[in-house]
Structures are given as C-alpha cells and as structure tokens.
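A short write-up of the structure that comes next.
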Amino acid sequence: MKELVAQLLSNGISRRDFVRRLVASGVTVTAAKSILESVDTFAQTPGAPAPAEAVKMFQGNGGEAFAEQLIASGVKYVFGNSASEDAEFYEALVNRPQLQYVLTPHEGPGAAMAAGYVKASGQPAVVMTAGSVGLMNALGQMFNAWKEQTPLVFYAYRTEDSRAAGRDGFEELPGQEQVTSTMTKLTWGARRPEMIPETVRRAFKVAWTPPYGPAYITWNSDYTGEKFQSEIIRHDQVDPRMRVRPNPTEVERAAKLLVDARRPLLIVGDEVYRAKAFDKVVQLAELLALPVTQARSVHVSFPQQHPLWVGSIPGGRVESLTYPTDVDLVINIGGKLQPNSPAPLVSRKTMFIDMRNDSASVGSVMRTDAPLVADVAYGTEDLLAAVNQLLTPAIKARIAQRADEVHAFSAKARQLRALVSRNPLWDASPMEADRVTYEVAQWADKDAIVVHEAGSVEVSHSFEFDPRGGRELFFYYGAHLGSGVGTAAGVALARPRKQVICLMGDGSFLFGPTALWNMARLQLPVTVIVYNNHAYGGPHNRAISNLGGTGRSIDASKFVHDYLGKPDIDMSAIAKGFGVDGERAKNPAELKAALSRARRNAANGKPYLIDVEVARHGPGWSEDPWVPTVSRA
Amino acid sequence: MLLFRPLALSACLFLVGIASTEGAGPQQAAATAPDSPGGPGREIVQRKCAQCHAATMWTALRQDRRAWESTLYRMVGRGALWTPEEISAMADYLTQIRGPAK
C-alpha cells in the first residue's frame, strides 16, 4: 500500500486507479475510499511530519546508495547495458529483488523499452548506460523522450576526472554532460559521492514535475565504490505535486469565447492522455457540441467512435480538415501542435484558446486569445463550470443544432473511411499496406495497444482508438527511428493483461530490432508486424516532390537512396536469431493464417513476428529496381 | 546518420499522408498539373487534392486508370473523405493527363 500511496501522491496513478488497486488487493471499497481521504488530508496539510520510513539514513557504498534511492523514488525496473564501472551497483541488486535489472543488448531500443514502460504504466524508470560510449547509443531515445515529454531518467558514469583519468584516456569525453544538456529538463552531476542520492532524487523530481521530460544524471565512476553516509528520501517527500489550476479570469474569457463561437473546433493532445482527463474532455465537447480533432501526437486522446470526432488534421493546418470549414474558434486541450510548416496550424485570423501545462510553449508560435496554463484535468473542470454558468435556452438550442450537424458529418466520414477496401488492388500480392492494417485491425482485441512506427502507414481507416478502455495508440512522435520494438516491449512489461501489437516499417525495424530478445527472454507476447516494401518509400516520394516532380533520377529510373532490396532482407529470420518465432506473408490468406499463429504464441507468453510483403508505390519504381554499384578501387 | 533525416520527415507526415504540402504554402498547394486538358474530374482534383498536396507529388507519376484509382483509394486510407463518384471522376481525369507513357 505504501507504494500505491507514493504513486498517488506523485500523480503516477489516478484516484480511481488508486481505489481500484486497493480493492484488488483485498481492501473493501469503503475502506479504500477512506484511505484515499486520509491521503488527501495528509497531502494538503502544510508541515505534516514525515513518516519515519520516508527519510532514512543509509550507510554503504555509492552503488548501494544509488539502488536505495531508486527504490525510494519508486523505481522497479532499471533498463541497462553492462558496464564494469557499475560493478558495485550490480552487487547491490543481488539482495534487493524489488529493483529489477532488465539487460538490454543495445542502449537505443533499451531506452525505448524504458520509455514505453513509463508511458504505459505512469511509473518511473531509469536507463543506465556504460559511460560516454553507452550514452551515445541512448541519445536517440533521449531525443524522443524530450520531444514526447516523457519523464525518463538517464544515468551514465563519467571518467574524465576520476582518479584514473584526465588524459584523454579510454572512453573519456570532456564535458560529457554537454551532449545531453540540449534535450533534457535537467543535466546534473553529483559533485561528491554522498550526493548520489540527492542527485537521483533531483532527477526524478524534475522529470516528473509537469511539463514532463527526461533528465540526465552522472558522477565519477570512482564514487560508486566509495563508502559514505547519506539520507535516502522517499519520492513523495520531495515531489512538488504541481498540478496547477488556470487563471480564473482567463477561464471566464475562454468560456465566453466558446459560448459565442459559431464554428468552433476542439483539438486534443497528449496532456489529456497523461492527465487521464478523457471523461472531462468528452463532457466539455458534448456540452458545446464541439467537433473534435487531433494533430500529430503520441496517443489518441479522444474516443474516435464518438459522434463528435471528425478525424485527424490531415494537412498540418486546420483548413485541411474537410469539416468543419470556416472555423472561427479553436480550443486546444493538451496538444503540442508541432509546427511543421511556415503557416501556423491555427490561422492568425481564428480565435484561439490554448490549455496546457507547458507554459513555455503557449504562445510561442500561435497567437493566443485565452492562455490557460493548467493541468488539463483541472482546466477542463473549471472551463465546464464556467461554460455552464453562461448557457441560456437560446444558446443551448444553437448548440443542439450544431450537434446534429457534427453527428451527421461524423457518421458520413466513417462510411467514407470504410471505402478504403474498394481499392482495386485490395486482394493483390504483394499486399497493399492498407489491407495489412485492415486485417490486423479485424484480428486485434477490442482493447489492444498498438505501437506504431510504420513509416507513412496510416491506420485510422481501420482502427478506432478509445483511451477510455478501448484500443490505445503509442505513436512515434519523436521520430528518432528504431524505437518501436523497444517501446512495444516496455508497454507489454507495463500492461501484462493487454494484447500489444507493434506495427513497423522495414526501415524503422532495422534501426532497432534488439528488443526482440527482451521479448523472448521476458516472455512479452508482442505481435510484431513489419510492413516490408524493401524501400524507404516515404523519402522516395518526397524527394521527387521536392525536385518538382522531375529530375535525372526519375528520368533514368535510378534512385541511390531508397531501395533496400538485392538482397531482400528477411525480418522473420532476424527475429529467429533473437529467439522470436515468425514467418513471412505475401497475401491476405497467408497473413490471416500467420495472425492465428501469432495469437496462439501470445497465449503461451511468446512474441511473434510477421514479415509482410507490401507493394512499393510512387513514381519511378520498376519491377527490377536499379542498384548503384560502388567501386572498391 | 543521414538516413535519419529523410526518415524523420517521413515520420512527421503520419497524419499528413505520404504526399504532404508541409513546407509548402497554400499557393503552391493549389498549383495545378501542367497541360491540364480539363474534364469533370479536374475541379475535384484541384479542390480535394490541394487540401494536403502540392501538385509536384503526383505530376511525376504516369499510370493506367486502375493504378490511379488504387492511388486515390490509398488516399482514402490516409484520411481523404471522398465518395466513389468523386474518385471515379478523379481517376478519369488523372488517366487523361497522366496516363501511361506512349
């Protein structure tokens, strides 16, 4: 229970989950609610004395202190790769079974696994790499964590001023922390051995204080073996529990804008997912009959089968939506709204309400009429109350009319999305990528988790996600490729009762397959689908477009940068090398049979990989693509 | 490492589709194909495709009607909300202006 309380206080779990887990552990519902009230009271009492077990003195070496503080910070899993300098830490784990070490054979997919675990569980984790050289392999996933605002803590020892070093020796990198400082919320080094626990605490506190993000900590490799006395402090004692409510004046202004708007639009984003604010956001959308959309995000944060869902923004600007047109007000709740174009996603002429906890980015690109810097659960709650105050019978009648219009569009859009199966090549071999997605969606559980790193593959024609207990999406927003397999392994570790499906492009798969071995070793029954067109299809098409649809490459049908065949790469053979069974599928019948085998494997706790041959599309491809020769002279 | 950049761009376009106008302004997006002879599908192509695409994404493509129809249904898979009638008209037009090389 202590652990659950710590998780609740650090916002690692929702209040509802807290009660549910207590009940699952045998506590009655009444008792669970009573405990919840007690915790609330404790959390809100200024100066409440720290429980004795929350702060303790520890005596031992640096490796042991590191392990003790990780445990006190709520960490269950260390995702690491072997380093002789961390020997004392490994020693410390032998009699601390509550802290489990997941050996990852490459730090990139290893860090992706850690990030997947953090995102899917809401629990802390640490990535542990072998000094500067291991850290370099993890940097790609640190970049992803930075872009995706994942509260992941990275550690790597440093040797540059250890007693044995300082002369450009083995693995030494002057200013090692400089490589992480631009993509972490905190890069910090322990200056003395006894500062190791404090440094660890600081990292978890900063990473988990909204807006979330990665932190990097380091200390001299010498410190891990040194003996000292230091405090070990439980996370809830240092967590600022920063969930802020929005400025009430701005809430009133936003409510007035929303009520007055004739053609409003609601954009939702990842902060809604992280705050588990789905129900409140749905309530607000329904209260005002707001059509709902989403821009590029990690998760889907609104039920896509809901009659107010109008589909994702297809072209980087609100105007690219088929509906609604002539939008006069946009409210964004929790979306990063990644700017990928000189034209802002929301036009300067459109009224804009921005609700996020990431105050630094509010107003950075978009002009904002009502900035609501807030935890989006609190912010939506306050907005609901304010809007309710303003509703009159006449306004309600107008909203009801809008609801009919949005519902009619939404129903029509669902019908039109289903037309994807009318593709005249629907039954062809090699398969259409959309057919593969369709078959996987038909086969998947109703509450499956889909980890998506499949290039330009779009899945919304066949998957409708619903974060309130339906299917969930983990998309590769960060876009340092090679994260998908690791992410899926981490998600499966965090959500053992859910089916986890990993959709990979052949290119992205090749950047990071090593977590397959973790799936096999830890019996994580992920089904991996590789869309294999033996090419970097997206770069192929966009390179031609960037050249104005013409050029020497297309005239000669010679492309140096995008064909991965000759020889074709067999992904199922790669999987077998890591201990994961799999097969190739070239047509719909083979795919369906392979999916059945994947389900049987999953039932036995085994992962499975299906390498599906999909068609290459776009200008300039020939049946027998040209391959550049490279002279060895 | 250079491979990451084009791939990263590819990833950026998940919600945008394979042939996005990201980086292109509205005027470029609204550009029409060269040598357009007109036809019932022309207006639909200009209006519908320009929502997300620069014309340069498809002017390099020459293929028969079945392949054009398949391309258009793939755009449905990427979020385009078109009726079968609109798709048929667009396939006719695109075959007319960008059919197989003779």
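Values as computed for the structure displayed
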item	result
Residues of the range A:361-417 satisfying the condition of being among the acidic types (Asp, Glu) and touching a Leu at 6+ places or on another chain (Cβ under 7 Å)	A:Asp369
Selected residue (only one of A:Ser341, A:Ser347, A:Ser301, A:Ser297 is within 11 Å of chain B (Cβ to nearest Cβ), in contact (Cβ under 8 Å) with a residue 24 or more places away in the chain, in contact with a strand residue (DSSP E or B) (Cβ under 8 Å, 6 or more places away or on another chain) and not aliphatic (A, V, I, L, M))	A:Ser297
Members of the range A:603-622 found to be part of a loop (DSSP other than H, G, I, E, B) and touching a helix residue (DSSP H, G or I) at 6+ places or on another chain (Cβ under 8 Å), listed by number	A:Lys606, A:Pro607, A:Ala615, A:Arg616, A:His617, A:Gly618, A:Pro619, A:Gly620, A:Trp621
Qualifying residue in the range A:488-508 (condition: touching a residue at least 40 places away in the same chain (Cβ under 8 Å), at the interface with chain B (Cβ under 8 Å from one of its Cβ atoms) and not acidic (Asp, Glu))	yes
Of residues in the range B:33-66 being more than 13 Å from B:Met90 (Cβ to Cβ) and of a type in the set (Lys, Arg), the one modelled with the highest pLDDT	B:Arg66
Within the range A:270-285, tally of residues that are farther than 17 Å from A:Gly469 by Cα and out of contact with any Leu (no Cβ under 7 Å at 6 or more places or on another chain)	1
Test: residue in the range A:607-615 that is at pLDDT below 95 and either within 14 Å of another protein chain (Cβ to nearest Cβ) or in contact with a Cys (Cβ under 9 Å, 6 or more places away or on another chain) (or both)	no
Qualifying strands (runs of 3 or more DSSP E) (wholly inside the range A:200-307; at least 3 residues being over 30 Å from the mean Cα position of the chain (by Cα))	A:227-233
Hey, B:Arg47 of a type outside the set (A, V, I, L, M, F, W, C), within 13 Å of the chain's Cα centre (by Cα), farther than 19 Å from A:His540 by Cβ and surrounded by fewer than 17 Cβ atoms within 10 Å (Cβ to Cβ) or not	yes
Residue list for the range A:1-33, restricted to those being outside any helix (DSSP H, G or I), at pLDDT below 75 and more than 22 Å from the chain's Cα centre (by Cα)	A:Met1
Any hit, the range A:564-586, residues being within 26 Å of the chain's Cα centre (by Cα), assigned by TED's automatic domain parsing to the domain that holds A:His534, basic (Lys, Arg) and more than 21 Å from A:Ala543 (Cα to Cα)	no
Among (1) within 14 Å of chain B (Cβ to nearest Cβ); (2) in contact (Cβ under 8 Å) with a residue 60 or more places away in the chain; (3) among the hydrophobic types (A, V, I, L, M, F, W, C) - the single one A:Val272 does not satisfy	(1)
Residue that is surrounded by the fewest Cβ atoms within 10 Å (Cβ to Cβ) [pool: residues in the range A:478-535 that are of a type in the set (D, E, K, R) and farther than 21 Å from A:Val614 by Cβ]	A:Arg497
Where A:Glu107 falls short, out of the listed (1) in contact (Cβ under 8 Å) with a residue 12 or more places away in the chain; (2) surrounded by fewer than 21 Cβ atoms within 10 Å (Cβ to Cβ); (3) among the charged types (D, E, K, R)	(2)
Some residue of the range A:148-169 being in a helix (DSSP H, G or I) and within 29 Å of A:Pro339 (Cβ to Cβ)	yes
Unique match (being at pLDDT below 95 and over 30 Å from A:Ala92 (Cα atoms)) among A:Arg274, A:Arg263, A:Arg253, A:Arg243	A:Arg243
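Results for (1) in contact with a helix residue (DSSP H, G or I) (Cβ under 9 Å, 6 or more places away or on another chain); (2) among the hydrophobic types (A, V, I, L, M, F, W, C), shown as yes or no for each residue.
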| site | (1), (2) |
| --- | --- |
| A:Asp382 | yes, no |
| A:Pro393 | no, no |
| A:Arg398 | no, no |
| A:Glu405 | no, no |
| A:Phe409 | no, yes |
| A:Arg414 | no, no |
| A:Ser421 | yes, no |
| A:Tyr438 | yes, no |
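Residue-wise test of (1) more than 18 Å from A:Val200 (Cβ to Cβ); (2) crowded, with 21+ Cβ neighbours inside 10 Å; (3) at pLDDT 95 or above.
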| position | (1), (2), (3) |
| --- | --- |
| A:Phe79 | no, yes, yes |
| A:Ala83 | no, no, no |
| A:Leu93 | no, no, yes |
| A:Arg96 | no, no, yes |
| A:Tyr101 | no, no, yes |
| A:Ala111 | no, yes, yes |
| A:Val118 | no, yes, yes |
| A:Met128 | no, yes, yes |
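For (1) buried (at least 21 other Cβ atoms within 10 Å of the Cβ); (2) closer than 25 Å to A:Gln401 by Cβ, each residue gets a yes or a no:
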position: A:Glu226; (1), (2): no, no
position: A:Asp236; (1), (2): yes, no
position: A:Leu288; (1), (2): yes, yes
position: A:Pro291; (1), (2): yes, yes
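The values are calculated or read from the model by the stated rules, or taken from the named source; none is laboratory data. Owing to the predicted nature of the structure, the values given are computational and were not obtained by experimental measurement. Positions of Cβ are generated from backbone atoms using ideal geometry, with glycine treated the same way; all protein chains shown enter the neighbour counts.
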